[in-house]
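Below is one structure, written out as structure tokens, with a few remarks after it.
The values are calculated or read from the model by the stated rules, or taken from the named source; none is laboratory data. Just so it is clear, the model here is predicted, and its values are computed rather than measured. We place every Cβ from the backbone using ideal geometry, glycine too, and count neighbours over all the protein chains shown.
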Amino acid sequence: MPMRITFFDLEEWQPDYLRAGLQRFGLADAVQPQFFHDHLDAEQCAQFADSEAIVVFIWTRVNRAVIESLPRLRLVLTMSTGYDHIDLQACRERGITVCNVPHYGENTVAEHTFALILSLSRKLHAAYFQGLRGEYRIRELRGFDLYGKTLGVVGAGNIGLHVIRIARGFGMRVLAYDTRPHPLLAEVLGFTYTDLDTLLRESDIVSLHVPATPETYHLINRDTLSKMKRGALLINTARGSVVDTEALLWALEEGILAGAGLDVIEGEEFIKEESALLRMPVAEETLKKVVQAHLLLRRENVVFTPHIAFNSHEAVQRILDTTLENLKAYLEGRPQNVVG
């Protein structure tokens, strides 16, 4: 019998791409697919109770309630590198395999990182807002060169290394902090590993490229921010939970940071779907995150993009292709890119 697999969180063009991909990978007869543009939540699960596999993006929270509502589920494929939206413990208890897409957009996210950096360093964001008001105060739009400045990269994995490569092209000095240093890579790319405190103290720009784990939760907090060079920039294209939003607001108000470039932020899922907040009970902590996020987004020295660092045409196609490769490998009894 073909595996019943349900895809969620899809864009308008993606079902056709995936159908063609199933043919291309020789999976058309092996699966019985359904395609949906909406997110999956526990209230909807009854209509998908026969699904043996689900494919989701980060907007769908595969929590214990969802898992328990899908009695036949044995495979979860996430179209992302991060998997903090999936309850891995609940999946392990049920023997459900979870696969991610570990390599699809290292260069894509790194390029977006520098889009955020340049928007702040050359005051592009501020110039845009001045233009909307019909005024240009040139002295307020004076930026700074990246050449000769120090970039601190927190997390020198696949994405972080691409950021380092680009930074060296700009003529920047690069410091990196990582729990698993690779000295040969440092020698080849021309950067220096150091401890986190030194990186924060010496960097003109700090860029975050670590996964969301219990160890990285609020890695950037009031204590670590207070150690940063005054007037530095903070860039986050990793996960919102890595930065304590309340502490970030404090650092901006105090002038410790001259600006922040954020592709992710705590509570971003509620910012995107504010209408849903009006239809459900909301915890005080959730409301606090939403208010703090709005305070950040109103600042002209904060550049915010709505979790789109991954979002190039090429990267999205690589995500879909790797997801289908993960499905094929599972059906052939050789699961790949398994997490948890």
Inspect segment 97-109 for any residue being buried (at least 22 other Cβ atoms within 10 Å of the Cβ), within 23 Å of Asn337 (Cβ to Cβ) and of a type in the set (Phe, Trp, Tyr) and give the result as yes or no. yes
Applying the selection to segment 110-141, what residues are surrounded by fewer than 19 Cβ atoms within 10 Å (Cβ to Cβ) and not in a helix (DSSP H, G or I)? Arg122, Arg133, Gly134, Glu135, Tyr136, Arg137
Residue tally, condition under 15 Å from Asn326 (Cβ atoms) and crowded, with 17+ Cβ neighbours inside 10 Å, over segment 63-81: 7
Is it true that some residue in segment 116-136 is of a type in the set (Val, Ile, Thr) and closer than 26 Å to Asn158 by Cβ? yes
Sole miss for Asp29 among (1) more than 24 Å from Asp263 (Cβ to Cβ); (2) modelled with pLDDT of 95 or more; (3) not in a loop (DSSP other than H, G, I, E, B) is condition (3)
Qualifying positions in segment 121-143 - under 27 Å from Val210 (Cα atoms) and either in contact (Cβ under 8 Å) with a residue 60 or more places away in the chain or hydroxyl-bearing (Ser, Thr, Tyr) (or both): Ser121, His125
Tell me whether segment 252-259 contains one or more residues that are within 15 Å of Leu200 (Cα to Cα), under 14 Å from the mean Cα position of the chain (by Cα) and at pLDDT 95 or above. no
Regarding segment 279-295, can at least one residue be identified that is surrounded by fewer than 18 Cβ atoms within 10 Å (Cβ to Cβ) and modelled with pLDDT of 85 or more? yes
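Give me the residue from segment 155-191 that is among the β-branched types (Val, Ile, Thr) and buried (at least 16 other Cβ atoms within 10 Å of the Cβ) and, out of that set, farthest from the chain's Cα centre (by Cα). Don't jump to the end; show me each part of the working.
Of segment 155-191, the ones among the β-branched types (Val, Ile, Thr) are 159, 163-164, 166, 174, 179, 188.
If we keep only those that are buried (at least 16 other Cβ atoms within 10 Å of the Cβ) as well, we get 159, 163-164, 166, 174.
Working: Ile159: 11, Val163: 15, Ile164: 18, Ile166: 19, Val174: 22 Å.
My answer is Val174.
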Condition first: in contact (Cβ under 8 Å) with a residue 60 or more places away in the chain, in a loop (DSSP other than H, G, I, E, B) and in contact with a helix residue (DSSP H, G or I) (Cβ under 7 Å, 6 or more places away or on another chain). Now tell me which residues in segment 306-338 satisfy that. His307, Ala309, Phe310, Ser312, Pro335, Gln336, Asn337
Identify, by number, the condition in (1) among the small types (Gly, Ala, Ser); (2) under 26 Å from Met79 (Cβ atoms); (3) out of contact with any strand residue (DSSP E or B) (no Cβ under 7 Å at 6 or more places or on another chain) that Gly148 doesn't meet. (2)
Thr198 vs. criteria surrounded by fewer than 18 Cβ atoms within 10 Å (Cβ to Cβ) and modelled with pLDDT under 95: no
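Could you say which residue among Arg19, Arg4, Arg72 is outside any loop (DSSP other than H, G, I, E, B) and either β-branched (Val, Ile, Thr) or touching a residue at least 24 places away in the same chain (Cβ under 8 Å) (or both)?
Working: Arg19 fails: either β-branched (Val, Ile, Thr) or touching a residue at least 24 places away in the same chain (Cβ under 8 Å) (or both); Arg72 fails: outside any loop (DSSP other than H, G, I, E, B).
After applying the criteria, what remains is Arg4.
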For Arg94, are the conditions met, namely being free of Cβ contacts under 8 Å to residues at least 60 places away in the same chain and outside the structural domain of Asp9 (by TED's automatic domain parsing)? no
Filter segment 1-29 for residues that are surrounded by 14 or more Cβ atoms within 10 Å (Cβ to Cβ) and more than 17 Å from Leu320 (Cβ to Cβ) and give the result. Met3, Arg4
